[in-house]
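The values are calculated or read from the model by the stated rules, or taken from the named source; none is laboratory data. Since the structure is predicted, the reported quantities are computational estimates derived from the model, not experimental observations. Reconstructed Cβ throughout: ideal geometry from the backbone, glycine too, with neighbour counts over all protein chains shown. Keep in mind that these areas ignore ligands, DNA and RNA; they rest on the heavy atoms of the full protein, side chains included. Shrake-Rupley method; radii C 1.70, N 1.55, O 1.52, S 1.80 Å.
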Amino acid sequence: MLAIIRFLRYNQLMRYSLGLDIGTTSIGWAVIDEDKKRIHDVGVRIFEKPEDPKTGASLAEPRRTARGTRRRLKRRRQRLNALKNFFVKNHLLTKDDIDNLLTPENHHNPYEIRERAVKEQISNEELFIALYNIAKRRGYRSNRKSLEEKDSEGSRVLSAISENKAILADYSSVAGVLNSNDKFASHKRNKRDSYINSFARQDFLDEVKTIISTQQSLGLALGDEAVHELL
């Protein structure tokens, strides 16, 4: 290919056209002599597939997975920092209050607080703990559901979400399900290669809306504009 480019460069008095057919594993090329109206040269360069010859897995998969993990963790940090700033900005807690709440010595059960928050008044500290817990793992949302239904892993996630959605109909919040249903007695978060604890992001958003609405009705000093910013 470099030889062709050099040939074209040193024959500028003659008119040539270079055509390329670029694929994922090959590049086809053709050089047309415009003056003589004929193909001057043609060929193809084939590359080895960037995949493991034994498994067929993409060699880029580890990098892609690591990049996705970095992005997910970065977005989570941004959400949690935004929540901290929200509480400080709206005079619900001070920065020192928040730092103190997040120390290992101050252990709280966020699921118990979340379940109470949809029914009764809780403190600003408890409200932060509840929302902070939800912000860490805010549920599943897909922009390519049709593709994931055909994928083994994606299909299991969607199946678990559908099953849990039916269970959620008998409870007032996701936290209520996690605290009371026997299915979630052993653990409330997904384990490796297990997605039975998956809920849709909208389910968590509905819980947050219910918590905020309940707390506002019980005296939480938070205007509609601030609520819109939070959601």
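Suppose only helical runs count, i.e. DSSP H with n ≥ 4. What mean residue ellipticity at 222 nm does that imply for the chain under -39500 (n - 2.57) per run, divided by all residues and rounded to the nearest 500 deg cm²/dmol? Please list the in-between numbers first.
Working: 10 runs with 117 residues, N = 231.
Rounded to the nearest 500, the figure is -15500 deg cm²/dmol.
With the Cα gyration tensor of the stretch 20-89 giving a ≥ b ≥ c as the square roots of its eigenvalues, does the rule (a/c under 1.5 for rounded; else a/b larger than b/c for prolate; else oblate) give rounded, prolate or oblate?
On the way: a/c = 11.51, a/b = 2.45, b/c = 4.70.
Here the stretch 20-89 falls in the oblate category.
Distance between the C-alpha centers of the stretch 205-227 and the stretch 162-201? Whole Å please.
About 24 Å separates the Cα centre of the stretch 205-227 from the one of the stretch 162-201.
When the gyration tensor of the chain is built from Cα positions, what are the square roots of 5 times its three eigenvalues, in whole Å, from largest to smallest? The partial results should precede the final answer.
On the way: eigenvalues 648, 107, 53 Å².
One finds semi-axes of 57, 23, 16 Å for the chain.
Around N90, which amide H atoms from residues at least 5 apart in sequence, or from another chain, sit under 5 Å from its own amide H, with H modelled in the peptide plane?
Placed amide hydrogens put nothing under 5 Å from N90.
For the chain, give the magnitude of the charge dipole about the Cα centre (Cβ charges: +1 Lys/Arg, -1 Asp/Glu; no others), in debye to the nearest 20.
Numbers: 42 positive and 32 negative charges, 219 e Å.
That gives a dipole near 1060 debye.
Springs between alpha-carbon pairs under 10 angstrom, Gaussian network model over the chain: which of T69, T24, T103 fluctuates most?
Among T69, T24, T103, the largest GNM mean-square fluctuation belongs to T24.
State the extension gain, in nm to one decimal, for the chain segment bounded by T103 and E229, taking 0.36 nm per residue of separation less the distance between their alpha-carbons. All intermediate terms of the calculation are to be shown ahead of the outcome.
Details: separation 126, 0.36 × 126 = 45.36 nm, distance 2.67 nm.
Full extension of this stretch gives 42.7 nm more.
Farthest toward the dipole's positive end in the chain, which of V174, G68, F184, given Cβ charges of +1 (Lys, Arg) and -1 (Asp, Glu) about the Cα centre?
Toward the positive end, the furthest listed residue is G68.
Just grab the label-to-label distance for E163 and V88, each label 7 Å out from Cα along the Cβ direction, in nm (one decimal).
4.3 nm
Please check: in the Gaussian network model of the chain (C-alpha springs, under 10 Å), which one of D206, D96, D52 has the largest mean-square fluctuation.
Answer for the Gaussian network model of the chain: D52.
Each label point is 7 Å from the Cα along the Cα-to-Cβ direction; what then is the distance between the points at T210 and R38, in nm?
It works out to 8.0 nm between the two label points.
What accessible area, in Å² to the nearest ten, does a 1.4 Å probe give for K74?
Around 110 Å² of this residue is reachable by solvent.
Evaluate E = 1/(1 + (r/R0)^6) for I27 and E51, where r is the Cβ-Cβ distance and R0 equals 30 Å; express this FRET efficiency to the nearest 0.05. Show your work: numbers first, answer last.
Working: r = 18 Å, r/R0 = 0.61.
Using R0 = 30 Å, I get an efficiency of 0.95.
Specify the residue with the greatest mean-square fluctuation among F47, F86, F184, computed from a Gaussian network of the chain linking alpha-carbon atoms under 10 Å apart.
Maximum fluctuation in the GNM of the chain, among the listed residues, is at F47.
How much length is gained on full extension from H187 to R67, taking 0.36 nm per residue of separation minus their Cα-Cα distance? Could the numbers behind the result be given before it?
Values: separation 120, 0.36 × 120 = 43.20 nm, distance 2.80 nm.
Value of the extension gain: 40.4 nm.
What's the carbon and sulfur percent of the chain's accessible surface, probe 1.4 angstrom, rounded to a whole number? Provide the component values of the computation, followed by the final result.
On the way: 7800 of 15660 Å².
It is 50 percent, rounded to a whole number.
Determine the principal axes of the Cα atoms in the stretch 61-103, then give the extent along each, sorted from largest to smallest and rounded to whole angstroms.
Ordered largest first, the stretch 61-103 gives principal extents of 45, 21, 7 Å.
When Lys and Arg each count +1 and Asp and Glu each count -1, what net charge do the other residues less than 12 Å away from L168, Cβ to Cβ, add up to? Show your work: numbers first, answer last.
On the way: positive: K165, K183; negative: E163, D170, D203, D206, E207.
Cβ neighbours under 12 Å give a net charge of -3.
Which length gain, in nm to one decimal place, applies between R138 and S123 when the Cα-Cα distance is subtracted from 0.36 nm times their residue separation? Spell out each step's value before the answer.
On the way: separation 15, 0.36 × 15 = 5.40 nm, distance 2.20 nm.
Stretched out fully, the R138 to S123 stretch lengthens by 3.2 nm.
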